[in-house]
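Down below is the structure, laid out as C-alpha cells.
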Amino acid sequence: MFFLLLACGVGQPPPGTLAACPGLDCRRAWVEARWPEDPEAVTRAIAARSDPLERSLLVQAVAEAFPGQAGPLCDTLPAGLVAKRCARINQRPHLSAPAQDGGFLRLDAEPGAAEPWAGLEPRPVDCAHAALQATCQTEAALAATVAGALDEVAAACLAIEPGPWRDECFFAASEAWASDRPPEAVGDALRLCRRTGAFQGRCALHAVANVDRWTPPGAPGDPDAWAAVRQMAEAAEAALAPESPDLAERVVDRIHARALVLSYRDATEVAGDPLDALPPRAHPHVRAAAAWRLWQLEGRQARSFEAWAARFAEALAARRSPDWALPDERLPAPPAFEDLWIDDPPQPRVPYLDRPWRALHPDPTLDALICLLEAAARHTRLKGSRAVLVEAQAHPDPLVAATATRLLSKRSRPAWQAATAARPAASPGSPGSPPR
C-alpha cells in the first residue's frame, strides 16, 4: 500500500479502482497492491483497459511481482513477446523460491576471479516501452542462442538493469544454449550460469541435467556408449577449472553421479561394466549407483553386513552376461533421494546420486561399503536395512563405522520416521519420482 500511495500521489487517498488512477505508474502500483486480495477483480480491471500496450505493461507488472501466480492473467494477452515471457515467468519456480538453490552447486569462483563477460558492452534493443526492456532483451538473448552467438547472448542480458530479471535472462539463455546442442555445449551453458546471481545453483542443476540425453541405459561397459557423457564432463571442467578447480570438480562429480544412477536404473543385473568405460574419478559414482540398484533388486534377501559386502564385491567384479537385455518397459527415473549428510566433523566427501554428499573413502573396497550403507539407509521399507547399519557400526575402519552411525542417527529422527511411514512401499524394480 505504501508504494501505491507513493505512485498515486503523497497525501492522496489510494484510488478505489484502476480507472481512478491518474497515470501508468499509479495503475501498475494498483494492480500489484490489489492482486493478492482479489486477482479476479484485477484481471477484469486490466481487461477493461483499451490500450493494448498498457494492458501488456499491467500484466507484466503482476507477473513479475507474483511469479508462478499469474497464469490466468497471461492467457488474456494476445500472442507476442509479453505473453510468451509472462507464461515463462509463471513456469519458473526458482523466481518465487530463490533460496531453493541447489547450493552445493553454487558457481562461486575463487576470490578475485572475473565474472564471464565482465568487460562486454551491453547491447540494448529497440522496445515499445522502457518498462518492457527486460522482455525485449530476454527475447533478443534467446534469439542469439539460436544463432549460436554467445557474446550477443551475454550482451543482450547485460543491457537489463542488475537484478533478478538480468539473472533470469542469463538463466533462460543457459537452458536454451544447452538444448539441442552437442554435450560439450554444457561448458558455455555453465559460463552463462555464472551470471545468474542467486539462481546459480538451480541454473547449474538444469545445465547438468542435460546429461540425461546422453546417458546410455543399462550401465554398459562400452567406452563408445559413454563418449558423450565424458565429453560433457570434460567441457564442464574446461569451462570452470581455470577460475575454480573446486567448483569444476563438484560439477563434474554431479554429471557422473546423475548419469550413473540413470544408467543403472535399467540394469536387470548389477555388474561393474562402467568401471571399464569411465575414468577413475567417476568410479565412486559407479559404486554408489550400483549399490543403490543392488539393494533395489536384492534387498529383500536376508543378509548380514558381511554378506552384503561380499555380494557387492562380487557384483562389481562381474560383467554383464552375454544374453543381458533391457527390460521390456523403461523404468521410471530414480527417486529424489533423502539428504542424510551431516558435515560434522568435516570429512572427505563426494556428491551422492542426486543429493549433496556422502563420505568418500580413498580405498575403493571400503568406499564400496560406504555406498552399501548409504543405499541401505534409503531402503527403509526393507526389513534388514537397519540391522545392516547397526552391524556396520562395529567395522574397524573409522569412516565406515562413522557412516553407519550418521545414517542411523538420521533414520532415528521423528521427521525421518514420519516421512518413511508416509511413503508408499516401492517394488524392487520401480523407483519413484524423477530427480529434482
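Could you please let me know if residue 156 is surrounded by 19 or more Cβ atoms within 10 Å (Cβ to Cβ), within 15 Å of residue 172 (Cβ to Cβ) and touching a Ser or Thr at 6+ places or on another chain (Cβ under 9 Å)? Taking the combined requirement at face value, the residue satisfies it. Taking every residue in segment 158-174 that is over 16 Å from residue 96 (Cβ atoms) and of a type in the set (D, E, K, R) and pairing it with any residue that is in a helix (DSSP H, G or I) and modelled with pLDDT of 95 or more, at least 6 positions away or on another chain, the pairs with Cβ-Cβ distances below 7 Å are 166/157.
Determine, yes or no, whether residue 127 is at negative phi, in a loop (DSSP other than H, G, I, E, B) and either at pLDDT below 95 or buried (at least 21 other Cβ atoms within 10 Å of the Cβ) (or both).
Answer is yes for this residue.
So, in segment 159-204, of the ones that are in a helix (DSSP H, G or I) and among the basic types (Lys, Arg), which residue ends up surrounded by the most Cβ atoms within 10 Å (Cβ to Cβ)? Among residues in segment 159-204 that are in a helix (DSSP H, G or I) and among the basic types (Lys, Arg), the one surrounded by the most Cβ atoms within 10 Å (Cβ to Cβ) is 202. Evaluation of residue 186 against the conditions (1) modelled with pLDDT of 95 or more; (2) of a type in the set (A, V, I, L, M); (3) closer than 22 Å to residue 137 by Cβ shows that the sole unmet condition is (3). Cβ separations smaller than 7 Å between residues 6+ apart or across chains give the following pairs from segment 383-406 residues that are under 17 Å from residue 371 (Cβ atoms) to residues that are of a type in the set (Phe, Trp, Tyr): 388/305; 388/308; 391/305; 392/305. Looking at 224, 266, just one residue is over 20 Å from residue 205 (Cβ atoms) and part of a loop (DSSP other than H, G, I, E, B), and that residue is 266. Inspect all residues belonging to segment 400-420 and state whether any of them is buried (at least 16 other Cβ atoms within 10 Å of the Cβ) and modelled with pLDDT under 50. Checked against the condition, which is being buried (at least 16 other Cβ atoms within 10 Å of the Cβ) and modelled with pLDDT under 50, segment 400-420 yields at least one hit.
Within segment 247-287, the only residue that satisfies the criterion of being touching a residue at least 40 places away in the same chain (Cβ under 8 Å) and more than 29 Å from residue 312 (Cα to Cα) is 247.
The values are calculated or read from the model by the stated rules, or taken from the named source; none is laboratory data. Computed from a predicted structure; not experimentally measured. A quick note on method: Cβ atoms are made from the backbone with ideal geometry, for glycine too, and the neighbour counts reach across all protein chains shown.
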